[in-house]
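The values are calculated or read from the model by the stated rules, or taken from the named source; none is laboratory data. Remember, predicted model here, so these are calculated numbers, not experimental data. Positions of Cβ are backbone-derived with ideal geometry, glycine not excepted, and every protein chain shown enters the neighbour counts. Just the protein is used for accessible areas: all its heavy atoms, side chains included, with ligands, DNA and RNA removed. Shrake-Rupley method; radii C 1.70, N 1.55, O 1.52, S 1.80 Å.
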Amino acid sequence: MNIIVVSDYEEMSEKASLFFCQAIKENPKLVLGLATGSTPLGLYQRLVKMVQNGQISFRDVTSFNLDEYVGLPADHPQSYRYFMNQNLFSQVDIKLENTFVPSGVAPDLEKECEAYTEKLAKNPQDLQLLGLGSDGHIGFNEPGTSFSSHTHVVRLAECTIRDNSRLFDRIEDVPKEAITIGIQDVMQAKNIIMLVNGSNKAEAVKRMIQGPVDESCPASILQKHPSFTVILDKEAAKLLSGL
Ligand code: GLP
């Protein structure tokens, strides 16, 4: 595991953008695993600038998102498909048909999950981006999820609903379920990079890095990944010992 501690959100986003820039330059046909949430916004803004000034191109890049709320269609402003279109896809030269986000409104969600897992298995992520939930979740794999899981429908933890309610008008509007790729689908990525900032994540960071590898902290499995880099700001790193 490669642990990088930086001073703040801006430095974290900058470092991550250089990592992505290099990966896309080395392999223009990169398969990316992408994440939503507040954390990757600074990274996405920098990638957009890099495309605009001709440093990199997403023309031959394929992307797979981690997760989506059940019941929110692509044009719903809180859906993750909408988030990705707004914050990245519509601003870079990626082909929209090469971007994949699980559908939370598919008529048969079980079939949707199976199909997504299959597509991912055929197109393993060269580089997977992750954020971290304050309860240690990755994607929407909540505590207790099996390490051998594939894409599935989850019931969101109360803590996750509370954390994510800041983006909705009312907490009652936050969907109670989501589709997420499984932990095994995350672990198949050749390289994983996680970004974490803020003191509200410090406890989860400590458990992920220095706690036992245990399903009660889904992110702890990343200790076993052969190429895992985590970029933390000082606040998120503050409970780590011996760094
Ligand atoms: C959300 C998403 C995750 C994300 C995490 C952190 O629930 N499902 O993919 O990484 O929680 O979100 P944020 O970056 O907004 O703190």
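Inspection of segment 164-175 identifies no residue that is modelled with pLDDT of 95 or more, part of a strand (DSSP E or B) and surrounded by fewer than 20 Cβ atoms within 10 Å (Cβ to Cβ). Out of Glu110, Glu114, Glu68, one residue alone is of a type outside the set (Gly, Ala, Ser), more than 19 Å from the chain's Cα centre (by Cα) and closer than 19 Å to Lys176 by Cβ. It is Glu110.
Give Gln45, Gln78, Gln91 a once-over and let me know the one that is open to solvent by 50 Å² or more (accessible area, probe 1.4 Å) and within 13 Å of the ligand (Cβ to nearest atom). Outline the logic, then answer.
Values: Gln45 fails: within 13 Å of the ligand (Cβ to nearest atom); Gln91 fails: within 13 Å of the ligand (Cβ to nearest atom).
Being open to solvent by 50 Å² or more (accessible area, probe 1.4 Å) and within 13 Å of the ligand (Cβ to nearest atom) holds for just one of Gln45, Gln78, Gln91, which is Gln78.
Any idea which of (1) within 16 Å of the ligand (Cβ to nearest atom); (2) in a loop (DSSP other than H, G, I, E, B) is the one Leu32 doesn't satisfy? Of (1) within 16 Å of the ligand (Cβ to nearest atom); (2) in a loop (DSSP other than H, G, I, E, B), only one is false for Leu32: (2).
Has segment 52-61 got at least one residue that is in contact with a helix residue (DSSP H, G or I) (Cβ under 9 Å, 6 or more places away or on another chain), more than 24 Å from Lys122 (Cα to Cα) and in a loop (DSSP other than H, G, I, E, B)? Yes, the conditions are met somewhere in segment 52-61.
For segment 111-139, the tally of residues that are more than 16 Å from Ser220 (Cβ to Cβ), of a type in the set (A, V, I, L, M) and in contact (Cβ under 8 Å) with a residue 40 or more places away in the chain stands at 4. Inspect all residues belonging to segment 108-122 and state whether any of them is within 25 Å of Ser17 (Cα to Cα), touching a Ser or Thr at 6+ places or on another chain (Cβ under 8 Å) and either acidic (Asp, Glu) or open to solvent by less than 40 Å² (accessible area, probe 1.4 Å) (or both). Yes.
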